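What follows is one structure encoded as structure tokens, with my remarks underneath.
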Amino acid sequence: MLDPLGGLERTHTCGELREQDVGKDVVLMGWAAKKRDFGIFTFIDLRDRYGLTQVVVSEEEAEDAHTKAKSVRGEYVVAVKGTVVKREEGTVNEKLPTGAVEVRVIEILILNEAKTLPFELEKSGSQNLASEDLRLKYRYVDLRRRFLQDNLMVRAKALRKMREFMDSKGFVEIETPILLKSTPEGARDFVVPSRIHSGKFFALPQSPQILKQITMISGLDRYYQLARCFRDEDLRADRQPEFTQLDIEMSFANQEMVFRVMEGVLAEVFSLSDAKFETPFPRMTYADAMRRYGSDKPDIRFGMELIDLSGEFEGTDFPPFAKTLEAGGEIKCIVASGCAGYSRKILDGHQEFVKRYGASGLAWIKLGDETTSSLMKALGEEKINSLAEAAGAENGDAIFLVAGRKSVVAASLGALRKEIAKAEDLVPKGVYKPLWVTEFPMFEFNEDTENYDPMHHPFTSLMDEDVPLFKRAIEGGEKDLLGKIRAVAYDIVINGYEIGSGSIRVHQSEIQSLIFKAQGLTPETARERFGFFLEALEYGTPPHGGFAAGVERIVMLLCGTDNIRDVLAFPKTASAQDLMMDSPGEVDKDQLDELGLKIAT
Ligand code: ASP
């Protein structure tokens with residue numbers, strides 16, 4: 001028989017009692033995390049969101065309560081009434097904030113029972129023993145873990161800090177609809193069929209991009225939203241089909257103004273952690289980031305930059321390198337300090353690793369080690385020395401070289417740089433190194449469609465210097481030039497993670513039309529998809545710009561986890577399923593009929 005809660009109220013939480021509370025009569029409620037029977041004493045560790053308190057029931061002092069306590073099992077929900085006492089010497093638990101005291105129980109209420117859990121909570125720390133699928137199916141159980149509860153609390157605090165900061169700077173929180181029309185951010189849309197308008201669909205926002213720009217046209221001046229975004233992308237472990245962004249937009253803004261706001265809000269949010277966070281953030285152009293780190297999201301907590309050795313190899317007769325240079329490719333290297341002693345096995349591992357990024361192989365030079373590579377034999381000592389000098393390498397170092405197309409060299413060496421840094425423990429812990437990456441290309445070539453797609457989105461303005469080039473590309477039909485045009489677009493990167501993106505926007509309807517044209521949309525398609533927006537731009541649009549920062553990424557950094565599911569209460573799996581609710585699921589035939597839909601397969 002369960003006990004009713006009745007009018008009973010908690011006096012304290014399970015994380016609250018300290019030595020100064022000794023002598024108080026208290027009521028605690030929570031889950032029985034653990035129970036130990038010692039003859040006339042039964043101990044229960046009572047747990048709630050706030051912590052854990054040991055309660056003890058003695059057969060002598062409270063016979064009925066003791067009998068009841070003995071029937072308590074793991075995760076039963078119980079309430080106890082009792083008195084706070086000091087724990088006996090030797091039984092104090094230093095690790096527990098409540099560890100100096102315990103509650104001597106006089107009455108216990110069993111509010112609810114619990115089945116045996118599908119996995120043990122204690123054994124499922126962040127390095128979990130139970131499979132993640134099992135934990136996601138029983139998410140309500142998993143969420144009882146301290147680690148996940150702490151993460152959710154960090155998330156809540158981060159959201160509050162964001163709101164407080166944005167409010168203090170005069171930004172207005174505006175909610176935009178979820179049932180929308182396509183707002184492209186380079187992913188597929190999630191669509192929702194309309195019952196009333198049979199055969200028509202809403203799209204869920206990939207971001208509120210167009211709407212936030214429209215609030216600027218409306219004169220709202222400064223907008224922000226903790227916006228839920230939906231993107232139907234190909235599966236990737238670190239992505240979720242829905243996520244939250246701190247989305248901002250401001251009128252009469254230049255890049256500097258957006259930078260100041262974003263640096264301000266992030267400094268505020270990261271003040272939740274002990275690590276130092278300096279503003280203003282350093283800046284690096286996209287071209288420099290790619291050249292120096294082979295990545296547009298470089299982790300600048302450590303060096304090991306990519307060094308171009310193409311010039312050094314001019315006229316080489318080392319066949320793979322000669323071929324690369326002939327084909328217009330490049331040869332770059334990284335220097336792994338003190339790694340000349342790398343074994344064959346490690347070298348082979350790195351070979352395989354760069355191949356995953358499209359490299360045809362990895363050449364190496366070891367300085368001051370007996371083993372030699374085919375490249376070293378081909379070069380001879382003198383050339384090795386001059387290469388070492390060009391690369392800034394010293395005795396005891398290993399130089400890793402990749403030859404190939406620019407994009408392949410960047411991707412493979414950039415990834416190897418991170419891999420070696422991890423293996424050699426070169427990444428400092430407990431620091432955040434933010435960076436602005438600026439001057440992104442406006443378009444990138446899509447090999448599948450042979451079109452130029454906007455790298456960020458089509459609403460990004462071009463750099464003034466590149467407008468003539470853009471006009472030549474469009475009006476002169478020199479499409480290849482599109483790849484050279486830079487946008488006033490920028491990302492924030494912290495510790496190698498892209499935290500968010502933004503740009504100064506196009507605010508003239510004609511230029512917006514030209515960008516749609518450049519990306520291959522016919523005027524009809526552009527009008528059909530974005531006609532309302534092109535028209536809106538004609539009714540007095542102020543220059544404006546903004547940014548969107550990914551809340552999950554920020555909270556992941558704050559919580560020190562690289563699993564996005566650890567910072568969401570109810571995440572989807574990497575294959576976009578909710579295992580607890582078992583969604584996506586099927587719908588009734590009636591519902592389909594009402595929507596005028598038929599399942600074809
Ligand atoms: N809408 C963009 C995004 O979601 C951000 C922005 O340009 O403000 O990435």
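Here are the numbers for this structure:
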{"quantity": "Pairwise FRET efficiency - residue 236 versus residue 570, Cβ, R0 = 25 Å, nearest 0.05", "calculated": "0.85"}
{"quantity": "Cα gyration tensor shape for the chain, rounded if a/c is under 1.5, else prolate or oblate", "calculated": "oblate"}
{"quantity": "Euclidean distance between Cα centres, segment 475-492 to segment 160-232, Å", "calculated": "26 Å"}
{"quantity": "Simple Cβ-charge dipole of segment 435-532, Lys/Arg +1 and Asp/Glu -1, about Cα centre, in debye nearest 20", "calculated": "320 debye"}
{"quantity": "Positive-end residue of 420, 577, 329, charge dipole of the chain with Cβ unit charges", "calculated": "577"}
{"quantity": "Among 446-452, 540-546, 189-195, the order from most to least packed when residues are scored by Cβ within 10 Å on average", "calculated": "540-546, 189-195, 446-452"}
{"quantity": "Size of charge dipole - the chain - debye, nearest 20, with Cβ of Lys, Arg +1 and Asp, Glu -1, no other charges", "calculated": "500 debye"}
{"quantity": "Size of segment 8-160 as Cα extents on the principal axes (Å, biggest first)", "calculated": "46, 34, 33"}
{"quantity": "Long-range amide H partners of residue 460 with built H, under 5 Å", "calculated": "506"}
{"quantity": "Long-range HN-HN contacts of residue 579 with modeled amide H, under 5 Å", "calculated": "573"}
{"quantity": "Degrees, to the nearest 10: 381-391 long Cα axis against longest axis of the chain", "calculated": "60 degrees"}
{"quantity": "Relative contact order (%) - the chain, alpha-carbon pairs under 8 angstrom, separation at least six", "calculated": "13 percent"}
{"quantity": "Burial order of peptide ranges 475-484, 561-570 (average beta-carbon count within 10 Å, highest first)", "calculated": "561-570, 475-484"}
{"quantity": "Mean-position separation - Cα centroids, segment 347-422 and segment 525-580, in angstrom", "calculated": "39 Å"}
{"quantity": "Tensor-based shape of segment 1-85 (alpha-carbon gyration tensor, a/c under 1.5 rounded, otherwise prolate or oblate)", "calculated": "rounded"}
{"quantity": "The chain: antiparallel DSSP beta bridges as a percent of all, rounded to 5", "calculated": "95 percent"}
{"quantity": "Largest-first ordering by accessible area, 1.4 Å probe, given options 166, 290", "calculated": "290, 166"}
{"quantity": "C-alpha long axis of helix 146-168 to longest principal axis of the chain, angle in °", "calculated": "60 degrees"}
{"quantity": "For the chain, calculated [θ]222 nm from helices alone, where every DSSP H run of n ≥ 4 adds -39500 (n - 2.57)", "calculated": "-9000 deg cm²/dmol"}
{"quantity": "Rg/Rh ratio calculated on Cα atoms of segment 354-462 (Kirkwood radius)", "calculated": "1.09"}
{"quantity": "Prolate/oblate/rounded label for segment 513-552 (Cα gyration tensor, a/c 1.5)", "calculated": "oblate"}
{"quantity": "Relative contact order of segment 1-120, defined on C-alpha pairs under 8 angstrom at six or more residues apart (%)", "calculated": "31 percent"}
{"quantity": "Per-residue ³J(HN,Hα) for segment 27-36, Karplus 6.51 cos²θ - 1.76 cosθ + 1.60, θ = phi - 60°, Hz, x for Gly and Pro", "calculated": "10, 10, 9, x, 9, 7, 6, 7, 9, 10"}
{"quantity": "Relative contact order for segment 506-563, counting Cα pairs under 8 Å that sit 6 or more residues apart, in percent", "calculated": "37 percent"}
{"quantity": "Helix 406-423 vs. the chain, principal-axis angle (Cα, 0 to 90°, nearest 10)", "calculated": "40 degrees"}
{"quantity": "For segment 268-285, 3J(HN,Hα) per residue [Karplus equation, 6.51 cos²θ - 1.76 cosθ + 1.60, θ = phi - 60°, Hz, x = Gly/Pro]", "calculated": "4, 5, 6, 5, 5, 10, 7, 5, 6, 9, 9, 10, x, 6, x, 10, 8, 6"}
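The values are calculated or read from the model by the stated rules, or taken from the named source; none is laboratory data. Source: prediction; values computed, not measured. Neighbour counts are summed over all protein chains in view; Cβ atoms, including those assigned to glycine, are modelled from backbone coordinates with ideal geometry. Quick note on the areas: whole protein, heavy atoms, side chains included, nothing else; ligands and nucleic acids left out. Shrake-Rupley method; radii C 1.70, N 1.55, O 1.52, S 1.80 Å.
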